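The values are calculated or read from the model by the stated rules, or taken from the named source; none is laboratory data. None of these values were measured; they are calculated from a predicted model. In this analysis, Cβ positions are derived from the backbone assuming ideal geometry, glycine residues included, and neighbour counts consider all displayed protein chains. These area figures cover heavy atoms from the full protein model, side chains too; ligands, DNA and RNA do not enter into them. Shrake-Rupley method; radii C 1.70, N 1.55, O 1.52, S 1.80 Å.
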Amino acid sequence: MLELSEPSSGLLFFSFLYRSDFFSQSSLQAQVESLFGKGFVLLPAFNPLAEYYAREMGEMSELKRFFLVTSTPYPREFLLTAKLQALNWEKLWSANCKRQVNVDVGLITAESFILATTKNYSHRIFIGQRIFADLTYQFTENRFQPLPWCYPDYRDQEKIDFITWCRSFLLVK
């Protein structure tokens, strides 16, 4: 009889781009940590899509960003759970049908970094409830490497290094 193996767990990843005149990092971080536990935080220096998001969210000078990665591994199915929660947060925190907070959700595994998205594309896999998985980095040659379709705001070395550092916690037995 064929035995199915349990896939390894991963760390949940959250990227918050938010209006700092309406929200604080600590209040947004508390939302994630109340559901998913304490995490590791990065305040990235580079945000190449700030101008793009400012069209919807307003005042570019007020846009701030941070990443939070859970310190506890979760089963891979939680990528869908976390993305659906993030969509609820975005709706709750919107004003006049415009987001004031954008939340990207992903999963860091030993092999890859995957982002969840509502947008279909040829390289994305449907995972349920109108959500798709986007393989953003693969771990090859002892490092995470962005794939050709990787968004510009996930291509810089600071973010790759942070996600790689977080990955190391999955390797500790």
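As a fraction of the 1.4 Å probe accessible area of the chain, surface on carbon and sulfur atoms comes out at 55 percent. Reported to the nearest whole Å, the Cα centre-to-centre distance from region 1-43 to region 98-173 is 13.
Amide H contacts of Ser112: Phe139, each under 5 Å away and 5 or more positions distant or on a separate chain (H built 1.01 Å from N in the peptide plane; Pro and chain starts excluded). In order along region 109-124, phi translates into HN-Hα couplings of 10, 4, 9, 7, 10, 10, 9, 9, 8, 8, 9, 7, 7, 4, 9, 9 Hz, rounded to whole numbers, per the Karplus curve 6.51 cos²θ - 1.76 cosθ + 1.60 with θ = phi - 60° and x for Gly and Pro.
Ellipticity at 222 nm from helices only: DSSP H runs of n ≥ 4 in the chain, each -39500 (n - 2.57), divided by the residue count, give -9000 deg cm²/dmol.
Bridging of Lys38 to lysines at a Cα separation below 24 Å is possible for Lys64, Lys83, Lys91, Lys159, Lys173, once same-chain residues fewer than 8 apart are set aside.
Orientation-averaged projection of region 15-173 equals 9.5 nm² [convex hull of Cα atoms, one quarter of hull surface area]. With all pairs of separate Cα atoms included, region 107-173 yields a Kirkwood hydrodynamic radius of 12.5 Å. Modelled spin-label separation between Asp156 and Glu59, with each label point placed 7 Å from Cα along the Cα-to-Cβ direction: 2.2 nm.
For the chain, the solvent-accessible area of protein heavy atoms averages 55 Å² per residue (probe radius 1.4 Å; ligands and nucleic acids excluded).
Among rounded, prolate and oblate, which fits region 38-96 when a ≥ b ≥ c are the square roots of the eigenvalues of its C-alpha gyration tensor, a/c under 1.5 means rounded, and a/b larger than b/c means prolate? Because a/c hits 1.5 or more and a/b fails to exceed b/c, region 38-96 counts as oblate.
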